1. Identify, by number, the condition in (1) of a type in the set (D, E, K, R); (2) under 18 Å from the mean Cα position of the chain (by Cα); (3) open to solvent by 40 Å² or more (accessible area, probe 1.4 Å); (4) within 16 Å of the ligand (Cβ to nearest atom) that residue 193 doesn't meet.
2. Which of the residues that make up the range 92-120 are touching a strand residue (DSSP E or B) at 6+ places or on another chain (Cβ under 7 Å), of a type in the set (A, V, I, L, M) and within 16 Å of residue 150 (Cα to Cα)?
3. Check whether at least one residue in the range 99-106 is touching a residue at least 12 places away in the same chain (Cβ under 8 Å), more than 12 Å from the ligand (Cβ to nearest atom), crowded, with 17+ Cβ neighbours inside 10 Å and among the β-branched types (Val, Ile, Thr), and report yes or no.
4. Restricting to the range 104-127, give me the number of residues that are outside any helix (DSSP H, G or I) and of a type in the set (S, T, N, Q).
5. Working only within the range 42-70, note down all residues that are open to solvent by 40 Å² or more (accessible area, probe 1.4 Å), away from the ligand (no atom under 11 Å from the Cβ) and touching a residue at least 60 places away in the same chain (Cβ under 8 Å).
6. Which members of the range 156-165 meet the condition of being out of contact with any helix residue (DSSP H, G or I) (no Cβ under 8 Å at 6 or more places or on another chain) and either open to solvent by 80 Å² or more (accessible area, probe 1.4 Å) or not β-branched (Val, Ile, Thr) (or both)?
7. How about the range 125-142: which of its residues are of a type outside the set (Gly, Ala, Ser), free of Cβ contacts under 8 Å to residues at least 40 places away in the same chain and loosely packed, with under 13 Cβ neighbours inside 10 Å?
Amino acid sequence: YLLQKVARSILKKNMQPGRPFIVAVEGNIGSGKSTFLEYFNNFEGVEVLSEPVESWRNLNGNNLLGLMYEDPKKWSFTFQSYVQLTMLQNHLKPTKASIKLMERSIFSARYCFVEKMKRDRILPHSSAAVLDAWFQWITNSMNINIDLIVYLRTSPEIVYQRIMERNRPEEKLVSLEYIQSLHEIHEDWLNNKCLHHCPAPVLIINADLDKAIIQREYQHWKSAILNEKP
Ligand code: DGT
């Protein structure tokens, strides 16, 4: 009976007229989320919402991303509060498109980045509790459903190499250990499914592949990602 009830509510949700199919692309830093979004941006009916990194680097002249890397103990709470707000804005942004493709989500901010800060004791209990209270309230009372997560799965060594090559000034302070542990957290959330709640079904793509070859993978999974009916 319970299963029937769940199935009915899923069907009801998916049959809302005009409701877009919402996909969040997740994966470690440097896993190729932007390349993925560029590829799918070329299809009709798709609206891409990139991660608001530029606004994290410049909020009224403040580079919150840079501050967070320079002095995590002092600035992590400030940074994550703003990340949570900008992610929520992306979730709530109305669209006329039939497919909404989001880079990351409020869920990875909480389940990966805040999780890491808690484990490293960078966020004191009191600050983590405030972020969590906001997160719980948002997820319980606002419509931030997603229909599919695309997990760009990578090896830490490969993404670390990419991060060093792209040379973002703020990311000079990122270490291989940090990337390795962020990888484990993504794995536990999206692959092993033992950590935290998964807000949607997960499609895993091998994103270690070279840029030239990975397009074939995207092509292969296109109909699932764009919710095309057979
Ligand atoms: P891509 O295209 O896969 O290379 O994507 P990236 O690496 O540009 O995007 P992302 O989200 O993995 O990381 C952007 C930067 O922002 C990176 O330095 C990590 C940081 N970042 C993103 N979200 C959060 C967050 O919620 N908390 C923290 N601490 N950092 C975050």
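The values are calculated or read from the model by the stated rules, or taken from the named source; none is laboratory data. Since the model is a prediction, treat every value here as computed from it, not as a measurement. Quick reminder, even Gly has a Cβ in these numbers, built from the backbone with ideal geometry, and neighbours come from all protein chains shown. Calculation scope for accessible area: heavy atoms of the full protein, side chains included, ligands and nucleic acids excluded. Shrake-Rupley method; radii C 1.70, N 1.55, O 1.52, S 1.80 Å.
1. Against the list (1) of a type in the set (D, E, K, R); (2) under 18 Å from the mean Cα position of the chain (by Cα); (3) open to solvent by 40 Å² or more (accessible area, probe 1.4 Å); (4) within 16 Å of the ligand (Cβ to nearest atom), residue 193 comes up short only on (4).
2. First, the residues of the range 92-120 that are touching a strand residue (DSSP E or B) at 6+ places or on another chain (Cβ under 7 Å): 93, 95, 97-105, 108.
Still in the list and also of a type in the set (A, V, I, L, M): 97, 99, 101-102.
Residues satisfying the conditions are 99, 101, 102.
3. Residues of the range 99-106 touching a residue at least 12 places away in the same chain (Cβ under 8 Å): 99-106.
If we keep only those that are more than 12 Å from the ligand (Cβ to nearest atom) too, we end up with 99-101.
Narrowing the set further to residues that are crowded, with 17+ Cβ neighbours inside 10 Å leaves 99-101.
Keeping just the survivors that are among the β-branched types (Val, Ile, Thr) gives 99.
Checking the range 99-106: at least one residue is touching a residue at least 12 places away in the same chain (Cβ under 8 Å), more than 12 Å from the ligand (Cβ to nearest atom), crowded, with 17+ Cβ neighbours inside 10 Å and among the β-branched types (Val, Ile, Thr).
4. Residues of the range 104-127 that are outside any helix (DSSP H, G or I), as a first pass: 104-105, 120-124.
Retained after the next criterion (residues that are of a type in the set (S, T, N, Q)): 105.
Final tally of qualifying residues: 1.
5. Hits for the range 42-70 are 43, 63, 70.
6. Of the residues in the range 156-165, the ones out of contact with any helix residue (DSSP H, G or I) (no Cβ under 8 Å at 6 or more places or on another chain) are 158, 161-162, 164-165.
161, 162, 164, 165 - these are the residues of the range 156-165 that are out of contact with any helix residue (DSSP H, G or I) (no Cβ under 8 Å at 6 or more places or on another chain) and either open to solvent by 80 Å² or more (accessible area, probe 1.4 Å) or not β-branched (Val, Ile, Thr) (or both).
7. Taking the range 125-142 first, the residues of a type outside the set (Gly, Ala, Ser) are 125, 130-132, 134-140, 142.
Filter once more, keeping what is free of Cβ contacts under 8 Å to residues at least 40 places away in the same chain: 125, 132, 136-137, 139-140.
Within the range 125-142, 125, 136, 137, 140 qualify.
So that you can scan it fast, the table gives a plain yes or no per residue for (1) away from the ligand (no atom under 11 Å from the Cβ); (2) aliphatic (A, V, I, L, M); (3) under 24 Å from residue 65 (Cβ atoms):
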position: 119; (1), (2), (3): yes, no, yes
position: 135; (1), (2), (3): yes, no, yes
position: 144; (1), (2), (3): yes, yes, yes
position: 164; (1), (2), (3): yes, yes, yes
position: 202; (1), (2), (3): yes, yes, no
position: 205; (1), (2), (3): yes, yes, no
